[in-house]
1. Looking at 54, 42 in this structure, which one is modelled with pLDDT of 90 or more and surrounded by 10 or more Cβ atoms within 10 Å (Cβ to Cβ)?
2. Determine, yes or no, whether residue 19 is at pLDDT 90 or above, within 18 Å of the chain's Cα centre (by Cα) and surrounded by fewer than 11 Cβ atoms within 10 Å (Cβ to Cβ).
3. Scan segment 15-44 residue by residue and report those that are over 15 Å from residue 55 (Cβ atoms) and in a helix (DSSP H, G or I).
């Protein structure tokens, strides 16, 4: 690609995103709620140490 007459080329690089910021927040909220629900089931069955691993997840 030839340079413009001034000899300087300015480019703006942006990542290709298929998900909007709102969609990303919604997806993360759904995954967090699902993880919390499954963790709660483990706690109710007496396996409370598993909850820490769900928190890390």
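1. Residue meeting the stated conditions: 42.
2. yes
3. 21, 22, 23, 24, 25, 26, 27, 29, 30, 44
The values are calculated or read from the model by the stated rules, or taken from the named source; none is laboratory data. No experiment lies behind these values; they were computed from the predicted model shown. Heads up, the Cβs are rebuilt from the backbone with ideal geometry, glycines too, and the neighbour counts pull from every protein chain shown.
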